[in-house]
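These notes are about the structure you will find just below.
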Amino acid sequence: MNNIEEILWNYIDGSCTPEEQNIIKTLIAEDEAYRLKYQELLILNKEFMAIELEEPSMAFTYKVMEGIRAENALVPLKARINKKIIIGIALFFVVTLVAMLGMVFASVNWSAVSAPVNLTYSVKMPSIDAGKTKIAVDGFVFFDVILALYLLDGYLRKKASARQA
Amino acid sequence: MQSKLSDTELIEQTLAGNQAAYADLVKRHQRFVFTLAMRFTRVREDAEEIAQDCFIKAYRSLASFHGQSKFSTWLYSIVYTTAMTFLRKKRVDTDSIDDENTLIQLENRPTGYDVNNAENKSRSFYLNQAIDQLLPDDATIITMFYKGEQSLEEIAQALGMEANTVKVKLFRARQRLKEKLERNLKHEAKELI
């Protein structure tokens, strides 16, 4: 501790040890200089406590909440996609695959396996209409082309942004 | 009307998706955050921009607030960082605030009071005037200590300093504030004579 003022401020703030507090208390009671300074600082402390806070504009809260809403609207689609949706899509594909496998296995003639000598067996494939197959293949190719273009676009964008950075 | 819920409860509600709860948090802390921003910028428009930015930043990283300190302490650390970044960007020479020229500028600021009507000027008016004349760091520490219900340790945490450094800075800030207050009051007394 350096001077009377510093000692007294620590006493007023309560930031000194109990032993120090007792010593200062005695000093204030017995020493006139300490007592006068202590009273002066107490008045100042009271005044500092009465410092007035500034008032922002009336629309302050509204502006903050608007800013938050605007920021939320700008969040990229990638960040907004719910993980549950992704899990749902994955589940759909898993269920479809299991169903298809089930269909294939259900159409297999397993009785042929039990024959000890004749090992021939017949797998009955589901009948596929030729016209429908062509549409399905065209659709599949079209989807693949779109997907390839989308991925290429993404790759080029990434490359361009990396070059800019 | 402001919410009676605690800061922690309002934060939990905000994280659960209730934006109205965050609006309540903003209403609760806006005056203090704005005042701190004013201590740095001294321009209402800039201070309002900083204060808004702080609340948006706090909302963005609210999930990372784990309640290890008071929400206000965490928020004030955002205010301090944002204000410092703002000042750096604006290239404001904070050291010049003590220059006589600045003092004259501050004294000539429109106050909304009649200069000749000394009766209208309370002692708190002179106190606020004296705070305006302090360095931003001093004014911030004084404001946080007296109006922010922050302990020396909490102020140190918000400002990224040691508690002992804050103690010394607070002592010096109080001395400077006292000097400026006395000077302003003497100046006013001379004008009246």
Checklist entry - Just a yes or no: is a residue in the stretch B:6-26 more than 30 Å from B:ASP132 (Cα to Cα) and in contact with a Ser or Thr (Cβ under 6 Å, 6 or more places away or on another chain)? => result yes
Checklist entry - surrounded by fewer than 22 Cβ atoms within 10 Å (Cβ to Cβ), more than 9 Å from every other protein chain (Cβ to nearest Cβ) and touching a residue at least 60 places away in the same chain (Cβ under 8 Å): does that describe B:GLN129? => result no
Checklist entry - Just to be sure, is A:LEU41 more than 46 Å from the chain's Cα centre (by Cα) and surrounded by 15 or more Cβ atoms within 10 Å (Cβ to Cβ)? => result yes
Item to check | Checking A:ARG35 against (1) within 14 Å of another protein chain (Cβ to nearest Cβ); (2) closer than 29 Å to B:LYS167 by Cα, the condition it does not meet | outcome: (1)
Checklist entry - Which one is surrounded by the most Cβ atoms within 10 Å (Cβ to Cβ) among residues in the stretch B:64-82 that are out of contact with any Cys (no Cβ under 6 Å at 6 or more places or on another chain) and within 14 Å of chain A (Cβ to nearest Cβ)? => result B:TYR76
Next on the checklist: Please determine whether any residue of the stretch A:62-80 is within 30 Å of B:ASN164 (Cβ to Cβ) and part of a loop (DSSP other than H, G, I, E, B).
Outcome noted: no
Checklist entry - Filtering the stretch A:44-71 down to residues that are under 38 Å from the mean Cα position of the chain (by Cα) and among the small types (Gly, Ala, Ser), which residue is farthest from B:ALA37 (Cα to Cα)? => result A:ALA70
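No value in this document is a laboratory result; all are computed from the given coordinates. The structure presented is a predicted model; accordingly, all values stated were derived computationally and were not measured. Positions of Cβ are generated from backbone atoms using ideal geometry, with glycine treated the same way; all protein chains shown enter the neighbour counts.
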